[in-house]
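These notes are about the structure you will find just below.
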Amino acid sequence: RREYRAVMRTPKNRENFEKTRLYKSEYNMLREAFRGGNTHANFNYANCILKDVHSYDLQSSYPATIMLDDYPIGKFNHATMDDNDKLNYYCQKYCCVFEIEIFNLRLKKGQVIPYIDLAHCKEIGKYINDNGRVLESDYVKMTITNVDLSIIREVYEYEGFTVNDFIYAQKGKLPNELRLKMLDFYMSKTLLKGVDGKEYEYAKSKNMLNSTFGMCVT
């Protein structure tokens, strides 16, 4: 954190930091919307022993996401979502966070990983639980992002939904100073990997790189 602070301490970044500061209500919405990776079992194979299973790993996936993807880079503003076309426009153009109420939803046929988790439901009606995930429910209320909405639309079918509190911000790349510092940690880790006598330096560079995500979350 101290190393990132040192490179981020520029007049431009300070000005942007003050300009984009959050109100308490916005901060609470971001806390409610945050979730980790989508880790869940296929319910068709629960309690089964499978053979010839394969997997693959995305190397340095979190740093790549921080380096390449778009994030909120402007101040959050409030808007009212009164029709689906307007919602789709904002979700495509901006980074959006909002409270949503969904009615009569169920997992689509052929889908095996339900996305909505009970821990993120602020309110929920009658539901079917799949190890902490919602297979179907007559009512769900939660705070989500535009990314969550696209996944929910892909995974579930539903009767309808309403959008309550809605905030949005300009999207773009994170500051160059932050990304270049992270790239510096990545280069150190890569160059030191497998080098005799540099095991400690490699481990420290890897720790610094991987902890960038946790720092960004907080």
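The values are calculated or read from the model by the stated rules, or taken from the named source; none is laboratory data. None of these values were measured; they are calculated from a predicted model. Because the Cβ atoms are built from the backbone with ideal geometry, glycine has one as well, and the counts that use them run over all protein chains shown. Just the protein is used for accessible areas: all its heavy atoms, side chains included, with ligands, DNA and RNA removed. Shrake-Rupley method; radii C 1.70, N 1.55, O 1.52, S 1.80 Å.
Some points to look at:
- If only residues of the stretch 32-61 that are in contact with a strand residue (DSSP E or B) (Cβ under 9 Å, 6 or more places away or on another chain) and not in a loop (DSSP other than H, G, I, E, B) are counted, the one that is least open to solvent (accessible area, probe 1.4 Å) is 33.
- Of the residues screened, residue 106 is one that is over 24 Å from residue 168 (Cβ atoms) and either touching a residue at least 24 places away in the same chain (Cβ under 8 Å) or touching a helix residue (DSSP H, G or I) at 6+ places or on another chain (Cβ under 7 Å) (or both).
- Residue list for the stretch 198-214, filter: of a type outside the set (Ser, Thr, Tyr) and surrounded by 14 or more Cβ atoms within 10 Å (Cβ to Cβ): 198, 201, 204, 206, 208, 209, 210, 213
- Exactly one residue out of 155, 147, 195 is open to solvent by 40 Å² or more (accessible area, probe 1.4 Å) and at pLDDT 95 or above, and it is 147.
- Criterion: in contact with a helix residue (DSSP H, G or I) (Cβ under 7 Å, 6 or more places away or on another chain), open to solvent by less than 50 Å² (accessible area, probe 1.4 Å) and in a strand (DSSP E or B) - qualifying residue of 134, 140: 134
- From 165, 184, residue being touching a residue at least 60 places away in the same chain (Cβ under 8 Å) and either under 30 Å from residue 87 (Cβ atoms) or not polar (S, T, N, Q) (or both): 165
- Test: residue in the stretch 73-92 that is under 30 Å from residue 187 (Cα atoms) and not acidic (Asp, Glu): yes
- Of the listed requirements (1) in contact (Cβ under 8 Å) with a residue 24 or more places away in the chain; (2) open to solvent by 20 Å² or more (accessible area, probe 1.4 Å); (3) in contact with a Phe, Trp or Tyr (Cβ under 7 Å, 6 or more places away or on another chain), residue 124 misses just one: (1).
- The residues of the stretch 180-192 that are open to solvent by 40 Å² or more (accessible area, probe 1.4 Å) and closer than 25 Å to residue 12 by Cα, listed by number, are 180, 183, 184.
- All positions within the stretch 105-118 that are open to solvent by 50 Å² or more (accessible area, probe 1.4 Å) and assigned to a strand (DSSP E or B): 106
- Every condition in (1) more than 22 Å from the chain's Cα centre (by Cα); (2) part of a helix (DSSP H, G or I) holds for residue 128 except the one numbered (2).
- Applying the condition of being in a loop (DSSP other than H, G, I, E, B) and in contact with a helix residue (DSSP H, G or I) (Cβ under 7 Å, 6 or more places away or on another chain) to the stretch 62-92 and asking which residue is nearest to residue 16 (Cα to Cα) yields 75.
- Filtering the stretch 20-45 to residues that are among the aliphatic types (A, V, I, L, M) and in contact (Cβ under 8 Å) with a residue 60 or more places away in the chain leaves 29, 30, 33, 41.
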